[in-house]
Amino acid sequence: MRSLVMQIFAGTLGLFLAAKFIPGATLEMIPGESSFFGINFTASWQILLLAGFILGLINFFIKPIVKMITSPLRMLTFGLFGLVINMAIIWIIDILFIELVIQGIVSLFYTTLLIWLVSFLLGLHKPARKVMVEE
């Protein structure tokens, strides 16, 4: 459960940072068109939270399956195909949300690296497990 929450938080924070700092990646409201499956949005932070939530769910549930299926290809490319998988997932989020615009492959690459870096840094902080010793 903790891992799922961390994936959602990393996706939301990564998309926020990408929209702020990466040229070509924007997240803006579109008046009258900002809705997702009938849910109307009034602020860009609502879209950011939903996009981060969906990105976290995809990373938690679907990405391990895709990584398992493509493991021979990832072995042949020494793990670099994992970057292609991550870019494809970010591209799917870009397609799902018309408010999120990532222009070009370079912006998509940098957005993917930024989200990976945020996820990596958040994954470093893991609380120590308590070990029970029976005497």
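Annotation: Ile58 fulfils all but one of (1) under 18 Å from Ile92 (Cβ atoms); (2) surrounded by fewer than 18 Cβ atoms within 10 Å (Cβ to Cβ); (3) without any contact (Cβ under 8 Å) to a residue 60 or more places away in the chain; (4) of a type outside the set (S, T, N, Q); the unmet one is (2). In the condition set (1) farther than 24 Å from Gly104 by Cβ; (2) surrounded by fewer than 18 Cβ atoms within 10 Å (Cβ to Cβ), Met6 is compliant with all but (2). When restricted to residues that are over 11 Å from the mean Cα position of the chain (by Cα), surrounded by 16 or more Cβ atoms within 10 Å (Cβ to Cβ) and not hydrophobic (A, V, I, L, M, F, W, C), segment 100-115 contains 2. Could you tell me whether any residue of segment 73-81 is under 23 Å from His125 (Cβ atoms) and either of a type in the set (S, T, N, Q) or surrounded by 12 or more Cβ atoms within 10 Å (Cβ to Cβ) (or both)? No: segment 73-81 contains no residue that is under 23 Å from His125 (Cβ atoms) and either of a type in the set (S, T, N, Q) or surrounded by 12 or more Cβ atoms within 10 Å (Cβ to Cβ) (or both).
In segment 90-99, is there at least one residue being under 24 Å from Gly123 (Cα atoms) and loosely packed, with under 11 Cβ neighbours inside 10 Å? Among the residues of segment 90-99, not one is under 24 Å from Gly123 (Cα atoms) and loosely packed, with under 11 Cβ neighbours inside 10 Å, which makes the answer no.
Of the residues making up segment 31-43, just one is buried (at least 18 other Cβ atoms within 10 Å of the Cβ) and of a type in the set (S, T, N, Q), namely Ser34. Name the helices (runs of 4 or more DSSP H) wholly within segment 21-125 that hold at least 2 residues that are among the hydroxyl-bearing types (Ser, Thr, Tyr), under 13 Å from Ala10 (Cα atoms) and at pLDDT 90 or above? So the answer is 104-124.
The values are calculated or read from the model by the stated rules, or taken from the named source; none is laboratory data. Quick caveat, the model's predicted, so the values are computed rather than measured. Don't worry about glycine lacking a Cβ; one is built from the backbone with ideal geometry, like all the others, and counts go over all protein chains shown.
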